[in-house]
Structures are given as structure tokens and as C-alpha cells.
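This report concerns only the one structure given below.
The values are calculated or read from the model by the stated rules, or taken from the named source; none is laboratory data. Not measured: the values here are computed from a predicted model. Virtual Cβ from ideal backbone geometry, glycine too; neighbours counted across all protein chains shown. Just so you know, the surface numbers come from the protein's heavy atoms only, side chains and all, with ligands and any DNA or RNA stripped out. Shrake-Rupley method; radii C 1.70, N 1.55, O 1.52, S 1.80 Å.
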Amino acid sequence: QVQLVESGGGLVQPGGSLRLSCAASGTIFSENAVGWFRQAPGKQRDWVASITRTGNTDYADSVKGRFTISRDNAKNTVYLQMNSLKPEDTAFYYCNTFTGGKAFWGQGTQVTVSS
């Protein structure tokens, strides 16, 4: 059974940084594309960043240049390094992967950017 567990969220001041982690079991991240999404209260879940099997990365325009997605194959973990955080980055952040014909989501981790 595939399980994704996010961690690393918290409260940070504007301009600060956080690193989110998404640890997988039941699947091998290096064999799948993995994405980060976020959902603010009352809003839809939006794509933030993704990394392919081959390591290619892509980002939403709103985070380009500030966020970096990466993967540690030995730890079967994908990270989202978030720098220069803004209040509008406040949301629940989820990781996602698609394998065996199904999409899997973690439980999410809250990121709050506030002074």
C-alpha cells in the first residue's frame, strides 16, 4: 500500500524559509513523478511544483525562483525548499504521486506565513 507522509510545515515570518518533506512507502519515488500542491482555506487545491522520474522539475509561476523541489532516492523522499516566503504562500501543502493507475496523496502539512 502506498503511503505518503508530509512534514516540515509550521509558522514562519515573511521572508523566511521552510523545507517540506514527503516520505514514501509502498512505492519508489525515483520511478514516478511527484508533485507538491497547496490549498488555502476556501480555495481550490493548486499545483506548486513537480519532479519527473528523470529529475526534470517544473514550478508554478507564483513560486518560481523561490521554491525548489528535489528528491533523495536513498531516503525515498521528496523535498520542497521554500525561500522568501510570503503571506500568500499560507496553505496546507500536499505531495502527490501517481502509480499503478492511481493517484496518492499525503495528509498534508500546514504552512503559515505571518508576522
Can you give me the accessible area per residue for the chain, using a 1.4 Å probe, in Å²? 53
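In the chain, which longest range has no trypsin sites (Lys or Arg not before Pro) that are both DSSP loop (not H, G, I, E or B) and surrounded by at most 13 other Cβ atoms within 10 Å? Walk me through the numbers before you get to the answer.
Working: sites that count: K43, R53, K64, K75.
Excluding the exposed sites themselves, the longest stretch runs over 1-42.
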Please state the relative contact order of the chain as a whole percent: Cα pairs under 8 Å, 6+ residues apart? 37
For segment 44-50, what does the Karplus curve 6.51 cos²θ - 1.76 cosθ + 1.60, with θ = phi - 60°, yield as ³J(HN,Hα) per residue in whole Hz, taken in order and with x for Gly and Pro? 6, 7, 10, 6, 10, 7, 8
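Rounding to the nearest 20 debye, state how big the charge dipole of the chain is about its Cα centre with +1 on each Lys and Arg Cβ and -1 on each Asp and Glu Cβ. Before the final figure, lay out the partial values.
Details: 11 positive and 8 negative charges, 6 e Å.
About 20 debye.
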Going out from 0 in 5 Å bins, what whole percent of all Cα-Cα distances in the chain drops into each bin? 2, 13, 25, 26, 19, 10, 5, 1, 0
Taking K64 as the anchor, which lysines have their alpha carbon closer than 16 Å to its alpha carbon, excluding any fewer than eight residues away along the same chain? K86
